[in-house]
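I have placed the structure first, in the form of structure tokens, so that the comments after it can refer back to it.
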Amino acid sequence: MKAPLSIHEDERLAHLHRLDILDTRREQSFDDIAQLAMTLCEVPIAVVSLIDRDRQWFKSCIGLDAEETPRDLAFCAHAILTPDDLLVVEDALLDDRFNDNALVLGDPYIRFYAGAPLVTSAGYALGTLCIIDRVPRKLSALQLSTLKLLAGQVMQLLQLREANLALAQERENLDDVLKGANLGTWRWNVQTGETVFNARWAEMLGYNLAELAPVSINTWLTLTHPDDLPIAQEQLDKHFRGELTFYECQYRMKHKLGHWIVVFARGRVVSFNTENKPLWMSGTHGDVTELHTSRIRLQENEERLQTMISNFPGAVYRCENDSRWTMLYLSAAVQQLTGYRAEKFIDDSLSMTDITHSDDVPVVYEKVQQALARKETFHVIYRIQRLDTSWRWVEEVGRGVYGENDELKYIDGFIWDITVAEEARTAIQLSEQKLSTLYNQAPVAIISNNFADGRFIECNPEFVRMIGYSADEILHMDYMALTPPEYAQSDKNELQNLLRSGRYGPYEKQYIHRDGHLIPILLNGVLINAPGGEQHIWAFIQDITERKRIEQMKNEFVSAVSHELRTPLTAISGSLGLIVSGVLGDLPLNMKNMLAIANKNAQRLTLLINDLLDMEKLLAGKMAFDMRVQPFLPIIEQSLEANKAYADTFGVSLVLHAQPTNVSVNVDAQRLQQVLANFISNAVKFSPANGQVEIHVVAHEQRVDVAVVDHGPGVSDEFRTRIFQKFAQADSSDSRQRGGTGLGLAISKAFVERMQGTIGFESEPGQGATFFARFPIVNTIG
Ligand code: ADP
């Protein structure tokens with residue numbers, strides 16, 4: 001008969017399976033109990049049987065060679081139905097439940113069975129300890145109770161086994177955790193110094209445990225950095241005194257390979273001795289070198305950032321995007337910027353908007369919001385009022401910081417003071433305005449050309465008006481294109497002046513108007529070094545057409561008058577000369593004196609007219625020059641001779657200082673003598689009575705100079721620039737005092753320059769004057 005199932009069969013099976021014992025190997029302890037039951041009850045077979053879902057499985061089976069049988073055949077399946085009682089079948093053949101059982105009718109021919117259920121503390125019968133015989137039997141009461149006791153022992157064994165398994169599992173888990181956390185473990189007897197480390201502890205330091213044996217607390221002491229020992233000791237003391245729940249300490253330990261690793265140890269006292277002193281301590285020990293290095297690196301980065309922020313010439317901030325820009329972080333430099341301490345902004349007792357100019361607040365807000373919406377950097381300039389009430393211009397750059405879902409978290413940015421730059425900018429703007437007004441409105445043409453190639457760089461509207469080309473056309477031209485070719489040489493000379501002295505002019509020349517007519521102009525210019533290494537010429541140009549026209553009229557008038565005067569004057573002067581010379585007979589003395597004065601003035605008038613006519617011829621380009629290559633010195637000597645008598649009348653002596661030289665020049669001798677006569681007569685006129693005028697001739701390598709030196713009053717600074725102009729006299733009373741026209745030097749200059757020479761003078765007021773002319777020496781050989 002098949003044993004029915006208990007109503008708690010599922011729970012019973014769950015308990016059985018939790019023991020994890022089915023199909024395990026045989027164990028001596030179970031066999032021993034079965035053996036004991038067999039011996040005590042004097043039967044040939046004893047079995048520890050466990051009832052699985054469909055089978056009974058034997059943990060121990062003495063006297064029978066089997067491992068399991070089907071559950072349907074199992075006596076034990078019946079036995080477990082009554083957990084509290086033993087099932088005793090004295091003769092199976094007489095029991096309806098078993099008399100047809102294959103195990104009764106066949107091998108092993110069971111006739112007697114007694115099974116004590118193996119009952120858990122919760123009351124589930126998992127199987128039995130049973131004894132079997134092949135003949136019918138009866139058990140004594142002692143045997144029955146002993147069998148029950150032994151079943152209890154089996155149950156104990158099973159439970160112990162379960163507990164052991166759980167313990168082993170726990171240990172395995174713990175090992176896994178330690179391994180996973182990369183932790184070594186230690187136990188230390190505080191009193192004796194006995195110490196236990198696990199393998200991982202040694203491994204972290206590059207050792208295996210055997211290499212370190214025998215281990216004690218000294219193992220730790222020798223491997224730990226001596227500088228760190230006091231810290232460890234201090235932590236330990238604090239823990240012992242109860243100030244720290246845990247002993248926690250970070251220190252350096254020497255790795256087997258020689259380098260230091262950083263270890264974090266944590267532990268606690270786990271037992272005390274009878275005197276209540278710490279006995280055993282245990283804990284863990286982990287390698288935190290990497291963590292330590294990255295923490296140091298982080299710290300260094302943070303320090304670097306802080307230094308950079310504090311060196312930044314302005315405030316660095318992180319704020320909320322609200323109307324008060326609530327500050328989350330603000331560098332201390334804000335105090336320099338605003339006069340207020342950073343804390344005031346952070347605790348929100350002050351906001352940047354509070355100190356921003358009210359006109360600027362909405363503009364700044366709008367700009368920032370627009371940039372944030374586009375996720376762009378914003379850039380604003382606005383005014384703030386400092387604590388000391390002064391206003392400052394500040395510039396701010398910032399951008400939004402966004403979270404994972406693109407939401408704006410806060411704004412990061414910089415603010416710095418640009419007042420100085422802003423004021424400079426305004427000043428520059430003002431001066432630029434002034435300059436550009438002058439430039440655009442000036443009644444003078446202003447141009448700028450590249451020194452290297454003459455290209456126009458700029459020109460003002462007055463120049464455009466003057467020249468007839470559009471500004472655009474001008475900027476595609478160079479000044480040479482506007483200049484008549486005959487000015488090439490004098491342009492070159494002026495450029496050399498410019499290079500030497502940084503400025504040139506006043507320089508008279510002509511420009512060609514767009515319609516082809518010539519414009520007389522007067523130039524003054526300076527050389528400016530432009531950024532980029534180029535040199536620019538800036539020039540002011542005066543249109544002197546009108547002046548020229550008037551000059552022309554004046555010249556025409558003077559020459560017309562001179563021509564008209566010359567013939568009558570020649571007649572008057574000739575007649576007076578004849579009368580005064582006495583050719584026409586004696587004259588009364590008083591009349592003779594008057595006529596002499598008239599004659600002298602007629603001669604002066606003739607000289608003036610001659611000068612004027614010379615001038616006119618020169619200007620009209622009609623004066624012929626008889627240029628010849630000839631020795632220089634004789635011309636000078638002749639001039640000296642010719643002017644001696646004139647000098648005598650002033651009581652002035654002429655002295656020649658000439659190097660023995662025989663250089664030749666290409667000149668018109670008569671014109672050169674005219675120049676010298678002018679120099680000498682001026683020098684004589686301005687010499688003190690009984691003075692001396694020296695004439696120096698000096699030859700250089702390529703030129704020869706003649707200089708006329710006097711010891712008169714010299715030329716005043718004020719007059720210097722006009723001295724070679726027509727009709728120029730330092731003092732208009734001069735002409736009367738000393739006789740003269742103011743034309744002499746102007747004519748001399750024109751003569752000398754026509755003969756390829758240069759003219760000039762040196763004079764210090766009160767110290768006399770030196771007038772000179774220089775001519776290129778001509779190589780006469782060949
Ligand atoms: P002028 O016929 O009046 O001498 P110039 O052209 O020769 O005309 O000279 C012009 C002016 O230059 C003179 O009136 C005088 O003021 C000044 N001048 C010329 N030579 C001398 C000199 N040696 N010393 C001082 N002043 C001089």
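With each run of n ≥ 4 DSSP H residues scored as -39500 (n - 2.57), what mean residue ellipticity at 222 nm is computed for the chain after dividing by its residue count and rounding to the nearest 500 deg cm²/dmol? So the helix-based figure for the chain works out to -13000 deg cm²/dmol.
Anisotropy class assigned to segment 1-109 is oblate, per the alpha carbon gyration tensor with a/c at or over the 1.5 cut-off and a/b no larger than b/c. Extent along the principal axes, Cα only, for segment 429-538: 43, 34, 24 Å, with the longest axis given first. Against the chain, whose longest principal axis comes from its Cα atoms, helix 28-41 is set at around 10 degrees.
Angle of helix 589-620 to the longest C-alpha principal axis of the chain, folded into 0 to 90 degrees and rounded to 10: 40°. Between VAL583 and GLU211, the modelled label-to-label distance comes to 14.4 nm, taking each label 7 Å out from Cα in the direction of the beta carbon. Exposure proxy shown here: for LYS59, LYS344, the number of other Cβ atoms within 10 Å sets the order, fewest to most, as LYS344, LYS59.
For the chain, the relative contact order comes to 5 percent (Cα pairs under 8 Å, sequence separation of at least 6). For segment 742-782, backbone nitrogen atoms closer than 16 Å to the point 7 Å from LEU618 Cα along Cα-to-C-beta are found at 742-761, 772-774.
Taking 0.36 nm per residue of separation and subtracting the current Cα-Cα distance, fully stretching the chain between THR245 and THR606 would add 116.8 nm. Evaluated on segment 38-91, the Kirkwood hydrodynamic radius is 12.0 Å, with distances taken between all distinct Cα atoms. In segment 157-224, Cα pairs under 8 Å separated by at least six residues give a relative contact order of 21 percent. The calculated P(r) of segment 91-211, using every Cα pair and 10 Å bins from 0, goes 11, 22, 19, 12, 13, 11, 10, 1 in percent.
Compared with the dominant principal axis of the Cα atoms in the chain, helix 419-441 is inclined by about 30°.
Seen through its C-alpha gyration tensor, with square-root eigenvalues sorted a ≥ b ≥ c, segment 152-242 comes out prolate because a/c lies at 1.5 or above while a/b is bigger than b/c.
When HIS292, HIS657 are sorted by how many other C-beta atoms sit within 10 angstrom of their C-beta, beginning with the fewest, the order is HIS657, HIS292. Both numbers refer to the Cα atoms of the chain; Rg and Dmax are 65.7, 215 Å.
Working from Cα pairs under 8 Å separated by at least six residues, relative contact order for segment 317-360 is 32 percent.
Spin-label model, ASN405 to ILE231: label points 7 Å out along the Cα-to-beta-carbon direction sit 4.3 nm apart. DSSP beta bridges fully contained in segment 634-782 are about 75 percent antiparallel. Placing a pseudo-label 7 Å from each Cα along the Cα-to-Cβ vector at GLN630 and ASN493 gives an inter-label distance of 2.4 nm.
Values in this text are rule-based calculations from the coordinates and carry no lab data. Source: prediction; values computed, not measured. Neighbour counts run over all protein chains shown; Cβ positions are idealised from the backbone, glycine included.
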